[in-house]
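The values are calculated or read from the model by the stated rules, or taken from the named source; none is laboratory data. Being a predicted model, the structure only gives us computed values, none of them experimental. Virtual Cβ from ideal backbone geometry, glycine too; neighbours counted across all protein chains shown. Please note that ligands, DNA and RNA were not included when accessible areas were found on the heavy atoms of the full protein model with its side chains. Shrake-Rupley method; radii C 1.70, N 1.55, O 1.52, S 1.80 Å.
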4 protein chains.
Amino acid sequence: MIVVMRRDASAADIEGVLARLRERALTPHISAGAERTIIGILGPVGASGVASALGSITPELGAMLEGLDGVEQVLEVSKPYKLASREFHPEATLVHVPSPGGEVVIGASEVVMMAGPCTVESEEQLMAAAHAARAGGATVLRGGAYKPSTSPYGFRGLGAAGLKLLALARQQTGLAVVTEVMTPAEVELVAEYADILQIGARNMQNYYLLDEVGRSGKPVLLKRGFSATIEEWLLAAEYILAQGNPNVILCERGIRTFERMTRNTVDINAVPLVKQLSHLPVVVDPSQGTGKRSLVASVALAAVAAGADGLIVEIHPHPDAAVKDGAQSLHLAQYAELMPRMRAVAAAVGRE
Amino acid sequence: MIVVMRRDASAADIEGVLARLRERALTPHISAGAERTIIGILGPVGASGVASALGSITPELGAMLEGLDGVEQVLEVSKPYKLASREFHPEATLVHVPSPGGEVVIGASEVVMMAGPCTVESEEQLMAAAHAARAGGATVLRGGAYKPSTSPYGFRGLGAAGLKLLALARQQTGLAVVTEVMTPAEVELVAEYADILQIGARNMQNYYLLDEVGRSGKPVLLKRGFSATIEEWLLAAEYILAQGNPNVILCERGIRTFERMTRNTVDINAVPLVKQLSHLPVVVDPSQGTGKRSLVASVALAAVAAGADGLIVEIHPHPDAAVKDGAQSLHLAQYAELMPRMRAVAAAVGRE
Amino acid sequence: MIVVMRRDASAADIEGVLARLRERALTPHISAGAERTIIGILGPVGASGVASALGSITPELGAMLEGLDGVEQVLEVSKPYKLASREFHPEATLVHVPSPGGEVVIGASEVVMMAGPCTVESEEQLMAAAHAARAGGATVLRGGAYKPSTSPYGFRGLGAAGLKLLALARQQTGLAVVTEVMTPAEVELVAEYADILQIGARNMQNYYLLDEVGRSGKPVLLKRGFSATIEEWLLAAEYILAQGNPNVILCERGIRTFERMTRNTVDINAVPLVKQLSHLPVVVDPSQGTGKRSLVASVALAAVAAGADGLIVEIHPHPDAAVKDGAQSLHLAQYAELMPRMRAVAAAVGRE
Amino acid sequence: MIVVMRRDASAADIEGVLARLRERALTPHISAGAERTIIGILGPVGASGVASALGSITPELGAMLEGLDGVEQVLEVSKPYKLASREFHPEATLVHVPSPGGEVVIGASEVVMMAGPCTVESEEQLMAAAHAARAGGATVLRGGAYKPSTSPYGFRGLGAAGLKLLALARQQTGLAVVTEVMTPAEVELVAEYADILQIGARNMQNYYLLDEVGRSGKPVLLKRGFSATIEEWLLAAEYILAQGNPNVILCERGIRTFERMTRNTVDINAVPLVKQLSHLPVVVDPSQGTGKRSLVASVALAAVAAGADGLIVEIHPHPDAAVKDGAQSLHLAQYAELMPRMRAVAAAVGRE
């Protein structure tokens, strides 16, 4: 952390900052330039709390220093996350997901395909999608039983009945199941049925929920909030990791920008960048990320070329009759056509 | 809702859309132009579900139609919220908040000041802030007992002990209390102590929480999500109203933009716009909205001039030692100085 | 400038950075912490070029250092603008604009109103607007003779004929004239007719144009680009100032965000912030900033309360028949009604 | 275009809209629903101007109608661009660029590589980069002689001397040359030396410049403004096409978002979307698009997988000593390594 003093900061202002640092047992590095003074604090990043905070940079330290007299700005130097960071954990994390069809490994050489309907609607719909997903080469089935709806008048999912249908599809196809959990009180129930717990974009900073899925120990697919910075996303992962659950899969699903022609803007830069910053696997959701069926295949291929460890794609036997998000769901035939193209691109970048 | 067909849409494509509308008992208005056909659907907005959906525009209808062959885009015409809308409820809502010092009314001629520390830290700190708030003319005390922290290593608040301190301050000063609740399971506890339940920006789309504060019947201060559109914000209010709780206060607290010199960008346009779209009172948080103490007063005055029904401002007896957000907290003397200026601006725009 | 080395940077990496700094005669301040090393460079900000660059921080230095081996990031400390900065010029700049009706001063205690049509359409339209502007208390007439149009099929203004109409209105009303200039080759012509040259938002980074209006010596109203950071905006002002022209008026006219209900989002935070960072006067354009007539008055009042030195507002005798931007133009009667309210708010914040 | 009336619009309000449409010889399609009336206008898109505007939708029509009494909003239906649109020109445009090494075709099956330094610095630097570019398989050399600089103290390029060095490199290597032109007065000079004129992101809405490069007839590489919507980008292309110059190459170079870890966010969705909306070729600039050398290769491969017709990449013999943008320039060896990987991905998606 670096405290940049104003040009007109007085000696008393500088002493004021140093006094605060001494109280916290932090060692300042002072550089007095011709124009201004800067004060470096290079201690380790620590947690809040009276005892543990001594000698370490707590999350609130910067905001506190920024308010002192004579301070112009405070610049962060250290990364605020540790467990999610590749600096502290250089080897890539592989998330192992047991499933009736054999273990699925996410983060290894194989690019993993997760496919299925946006929402579980009925046994017929889900089974048709699941068998097609399997036939195309997916190893994970997606499908929402609990659905966030922007409007209170919208469809909020089949709930427990949807979970049971997912369990049936899992049994029949051998696919692992990923499905969303929306509130701490339902983690236990969803964890009974799902192989991977999904945290939706709107809940990326629902900290009670992150704590709870952390405690569950289950693999977690953590979607990036639609306006979350990469740092905030990795801090959300840190919440889960800090509960002792190392099985976090990051999912880029598009961010909100000024562009209105697509539902979201897939941040393709984030794929290689997060692979450099973190050891966690990264998958991409081109369905949510574009909102348009006609763009899904191209963006899916781009994600694989950029180094994604997997894809999560919405497919539906009858998108035109889908309860939710039909416009971004692939027809089963389109999905079947995408899979060999995805394999070709994966091979071109040295993946399976 | 308007379905815009592609220029090259076939007669079969158009018939496909009409068939879907007939299934739902919706009446289409077809306009066949030289270049393309558009199909208007002017039925009422309704809720999802087999029975209720017949003859009404459900929240998912647009996304479904957008995926049909030959459709270029679907344009929304009706507002997706009803209870929050001024169209259906032309008179301004007044939120009545009982408090030991007398009822506080939000949305009437008087501009209401809510002031207090970001976080409840100790009895000394809270009482000093509360007495100063009261002396300056505030009628509501703010203060966080449960705090969202971007980092898992950050301070998450005093919890129940913080609530008790707020109750003490309420008793001593007669101020009403607004404090944040973060998860459905804690609504009951927080509602015992708070006069107004605050939903934080990160939880604006935490639907289980919205349902629960809706059921509580208590006044709710609903902060706009930092990347929520105005429509999404009003739909979040609709969740609370739909549970039979009419006591919703909207709070603009700055949105996330590309500008990096301020923590957020206060959307001042939103103040008069939301007053036109909705009958609910609107308050502004210039502390979160700017992140800089030196900007708080100017933006507070701007909010009052723009028509805000109130302000919520962070004040602290020792901002330099604040656990959280000291850099955006006013010194008590700065707050005392702001209040007469605020009254002058309020009077200039015909408010008290 | 601060160079933050990676945790795993080698001694050779650090030496590599130091060697580059020595080549440029810059003095490094090295802070070796437990986790990483940071290198401060506190020299003055200078211009590019072999001779002048020695011993100073050039605009390109940071990008160069960021690419060196072992460097994690480079943080800017000094402001990249000087002439526009309040640090180097603490007193507020007053821009004096001569006009037939007497000198207009922008940046002093009086809040200046600039009003007129978006586009000069005809003598009748312009004279009606100009007389109304004058009657309400404006001292500057706005009106576009050269208009940027997003579409090549749109109206691009009356050109020289429009300038002549502005000159006529100036003569008849005594108002000073502000009008846009779009390309360097037309600066001379526009400067013959205008008292203030306007640089539109789309041209804020048209550097040849900034150079040319700088050389003209005329007062310049510099609109913020719709996605320009405050720093980029002040650097655009610096271009004009660096040509020896001190008469720059900054104009906040809304920025582009994700919010779709308004044309732009007025960055109200920018008003007090720019007044702190710079000595230049700041005016606000609530017409462009909102795009909706019904929001203009509220946002205009907010701007004055926030400390703006002036307003620039679109008015039209027949907005419903306006060639451009009728939906955001005030009717003359609405403008007449706004002016006393603006004066009341100005008085409430100690302005005239 | 669709005019959506307010729920409480009166018959007179509706008649007011219809009267305006009649004046312009436009045929309205009225749909009167239970809740509100909508009025469709399905005429062709036309240009402003008294005669040509009759019977057609001019670019200013929507803004005018939106200001009428009783109008809630105006929705655009037709695309505002014609010449750039695939609807009116279904076949892909191939841009033929003559060069000493043989014609380069952009938009055909072959993915075209354009490589070279950000800025032309010296003969040695440029020749080293040009020979390496050629050896790796590029067919176009990039390099800036005129450079936009955010700061007036920054390096603005070698100017005419830089153009001459580009001509020399062209002659020695047979590569075609693309270089930026920044102001109308310099188009003629730059066009003498360049095979492709580049319009930089900051100048995407510099309409005089667009007109002038349109008149030159030369191939134009049109970079997307960093905050331009896709529609605005295509309208900028329309300016060039409207001058009779069909040789426009669109270049996605990243947009400005809230994410701060990368210089820009490459809008990968835009690649397939623009290929659907327009017949013009699309190339991607992963150097500007990311700002980080370590991300360039991954994003370049992603762009090819998404369907880009080419790439434009910054390379430098000594990035650590580059005058500008060294941190995003590939070392020549990194470029050499990227080329076979790019070819593999191109082959995987059926391109050369």
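For the range A:312-324, indicate whether the set of residues that are among the small types (Gly, Ala, Ser), assigned to a helix (DSSP H, G or I) and more than 12 Å from chain B (Cβ to nearest Cβ) is non-empty. Before the answer, list the steps.
First pass over the range A:312-324, keeping only residues among the small types (Gly, Ala, Ser): A:321-322.
Imposing the further condition that a residue be assigned to a helix (DSSP H, G or I) reduces the set to A:321.
Those still in the list that are more than 12 Å from chain B (Cβ to nearest Cβ) too: none.
Within the range A:312-324, not a single residue is among the small types (Gly, Ala, Ser), assigned to a helix (DSSP H, G or I) and more than 12 Å from chain B (Cβ to nearest Cβ).
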Tell me which of these B:SER99 doesn't satisfy, since it passes every other one: (1) closer than 29 Å to B:GLN334 by Cβ; (2) hydroxyl-bearing (Ser, Thr, Tyr); (3) without any contact (Cβ under 8 Å) to a residue 40 or more places away in the chain. (3)
Restricting attention to the range D:87-98, which residues are surrounded by fewer than 18 Cβ atoms within 10 Å (Cβ to Cβ) and among the aliphatic types (A, V, I, L, M)? D:ALA92, D:LEU94
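Counting only residues that are under 19 Å from the mean Cα position of the chain (by Cα) and more than 12 Å from chain D (Cβ to nearest Cβ), which one in the range C:66-86 is least open to solvent (accessible area, probe 1.4 Å)? Before the answer, list the steps.
Kept after step one, since they are under 19 Å from the mean Cα position of the chain (by Cα), are these residues of the range C:66-86: C:79-86.
Pick out the ones that are also more than 12 Å from chain D (Cβ to nearest Cβ) and you get C:85-86.
Working: C:SER85: 1, C:ARG86: 63 Å².
Only one residue tops the list, namely C:SER85.
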Going through the range D:139-161 one residue at a time, which ones are aliphatic (A, V, I, L, M) and either within 25 Å of C:TYR208 (Cβ to Cβ) or without any contact (Cβ under 8 Å) to a residue 40 or more places away in the chain (or both)? D:LEU141, D:ALA145, D:LEU158, D:ALA160, D:ALA161
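Return the residue satisfying two criteria in turn: it lies in the range B:110-126 and is in a strand (DSSP E or B) and in contact with a Lys or Arg (Cβ under 6 Å, 6 or more places away or on another chain), and of such residues it is nearest to B:MET342 (Cα to Cα). Give the steps one after another, and end with the answer.
Here is the first cut: in the range B:110-126, the ones in a strand (DSSP E or B) are B:112-116, B:119.
Remaining after also requiring in contact with a Lys or Arg (Cβ under 6 Å, 6 or more places away or on another chain): B:114, B:116, B:119.
Numbers: B:MET114: 13, B:GLY116: 17, B:THR119: 24 Å.
Step by step, filter the range B:110-126, then rank; the result is B:MET114.
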Does any residue of the range D:99-110 turn out to be surrounded by 16 or more Cβ atoms within 10 Å (Cβ to Cβ), β-branched (Val, Ile, Thr) and within 14 Å of chain C (Cβ to nearest Cβ)? no
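Return yes when C:GLU186 is under 28 Å from D:ILE199 (Cβ atoms) and touching a helix residue (DSSP H, G or I) at 6+ places or on another chain (Cβ under 8 Å) and no when it is not.
Numbers: under 28 Å from D:ILE199 (Cβ atoms): yes; touching a helix residue (DSSP H, G or I) at 6+ places or on another chain (Cβ under 8 Å): no.
So C:GLU186 fails the test.
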Is there any pair with a first residue in the range D:340-352 that is over 15 Å from D:PRO272 (Cα atoms) and more than 7 Å from chain A (Cβ to nearest Cβ) and a second that is of a type outside the set (A, V, I, L, M) and not in a helix (DSSP H, G or I) whose Cβ atoms are under 6 Å apart and which are 6 or more apart or on different chains, and what are they? D:GLU352/D:SER109; D:GLU352/D:GLU110
Just to be sure, is B:TYR208 hydroxyl-bearing (Ser, Thr, Tyr), closer than 19 Å to A:THR183 by Cβ and open to solvent by 30 Å² or more (accessible area, probe 1.4 Å)? yes
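Output the residues belonging to the range B:139-158 that are assigned to a loop (DSSP other than H, G, I, E, B), within 26 Å of B:ARG343 (Cα to Cα) and touching a helix residue (DSSP H, G or I) at 6+ places or on another chain (Cβ under 8 Å).
B:GLY143
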Have a look at A:ALA92, A:ALA161, A:ALA129 and point out the one that is part of a helix (DSSP H, G or I) and over 22 Å from A:LEU338 (Cα atoms). A:ALA161
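Would you confirm, using the coordinates I've provided, whether A:ALA305 is in contact (Cβ under 8 Å) with a residue 24 or more places away in the chain and touching a helix residue (DSSP H, G or I) at 6+ places or on another chain (Cβ under 8 Å)? I'd like the intermediate steps shown before the answer.
Values: in contact (Cβ under 8 Å) with a residue 24 or more places away in the chain: yes; touching a helix residue (DSSP H, G or I) at 6+ places or on another chain (Cβ under 8 Å): yes.
Answer is yes for this residue.
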In the set A:PRO44, A:PRO59, the lone residue that is at pLDDT below 90, within 11 Å of chain C (Cβ to nearest Cβ) and either at positive phi or open to solvent by 30 Å² or more (accessible area, probe 1.4 Å) (or both) is A:PRO44
Considering the range A:149-197, residues that are acidic (Asp, Glu) and open to solvent by less than 30 Å² (accessible area, probe 1.4 Å), and then whichever is nearest to A:ALA130 (Cα to Cα), we arrive at A:ASP195
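When you look at B:GLY144, is it open to solvent by less than 10 Å² (accessible area, probe 1.4 Å), within 21 Å of B:LYS223 (Cβ to Cβ) and in the same structural domain as B:GLY310 (by TED's automatic domain parsing), yes or no?
Details: open to solvent by less than 10 Å² (accessible area, probe 1.4 Å): yes; within 21 Å of B:LYS223 (Cβ to Cβ): yes; in the same structural domain as B:GLY310 (by TED's automatic domain parsing): yes.
Considered against the rule, which asks whether it is open to solvent by less than 10 Å² (accessible area, probe 1.4 Å), within 21 Å of B:LYS223 (Cβ to Cβ) and in the same structural domain as B:GLY310 (by TED's automatic domain parsing), B:GLY144 comes out as yes.
Just to check your reading of the model, which residue among D:VAL299, D:VAL274 is within 17 Å of the chain's Cα centre (by Cα) and either open to solvent by less than 10 Å² (accessible area, probe 1.4 Å) or at positive phi (or both)?
Values: D:VAL299 fails: within 17 Å of the chain's Cα centre (by Cα).
Within the list D:VAL299, D:VAL274, the selection yields D:VAL274.
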For the range A:323-347, which residues satisfy the criterion of being in contact with a Ser or Thr (Cβ under 8 Å, 6 or more places away or on another chain), open to solvent by 10 Å² or more (accessible area, probe 1.4 Å) and not β-branched (Val, Ile, Thr)? A:LYS324, A:ASP325
Give the number of residues within the range A:1-25 that are open to solvent by 10 Å² or more (accessible area, probe 1.4 Å) and more than 9 Å from chain C (Cβ to nearest Cβ). 15
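Would you call C:GLY55 in a loop (DSSP other than H, G, I, E, B) and either of a type in the set (A, V, I, L, M, F, W, C) or in the same structural domain as C:LEU311 (by TED's automatic domain parsing) (or both)? Break it down stepwise before answering.
Values: in a loop (DSSP other than H, G, I, E, B): yes; either of a type in the set (A, V, I, L, M, F, W, C) or in the same structural domain as C:LEU311 (by TED's automatic domain parsing) (or both): no.
Judged against the criteria, C:GLY55 is not a match.
Condition first: crowded, with 21+ Cβ neighbours inside 10 Å and over 14 Å from the mean Cα position of the chain (by Cα). Can you find one or more residues in the range C:233-241 that meet it? Talk me through it step by step, then tell me what you get.
Looking only at the range C:233-241, we keep the residues that are crowded, with 21+ Cβ neighbours inside 10 Å, and these are C:233-241.
Of the ones still in play, those that are also over 14 Å from the mean Cα position of the chain (by Cα) are none.
No.
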Within the range C:236-273, how many residues are in contact (Cβ under 8 Å) with a residue 60 or more places away in the chain, touching a Gly at 6+ places or on another chain (Cβ under 9 Å) and facing another protein chain (nearest Cβ under 10 Å)? 3
Anything in the range C:82-92 that is out of contact with any strand residue (DSSP E or B) (no Cβ under 8 Å at 6 or more places or on another chain) and in contact (Cβ under 8 Å) with a residue 60 or more places away in the chain? List them, or say none. C:LEU83, C:HIS89, C:PRO90, C:GLU91, C:ALA92
Here is a check on your reading of the model: is C:ALA169 outside any strand (DSSP E or B) and more than 14 Å from chain D (Cβ to nearest Cβ)? yes
Looking only at the range A:274-295, count every residue that is hydrophobic (A, V, I, L, M, F, W, C) and facing chain D (nearest Cβ under 9 Å) and tell me the total. 2
How many residues does the range A:215-227 hold that are more than 9 Å from the chain's Cα centre (by Cα) and at the interface with chain B (Cβ under 9 Å from one of its Cβ atoms)? 2
Given (1) of a type outside the set (S, T, N, Q); (2) more than 14 Å from chain A (Cβ to nearest Cβ); (3) closer than 27 Å to B:ALA303 by Cα; (4) open to solvent by 10 Å² or more (accessible area, probe 1.4 Å), index of the condition B:MET113 fails: (4)
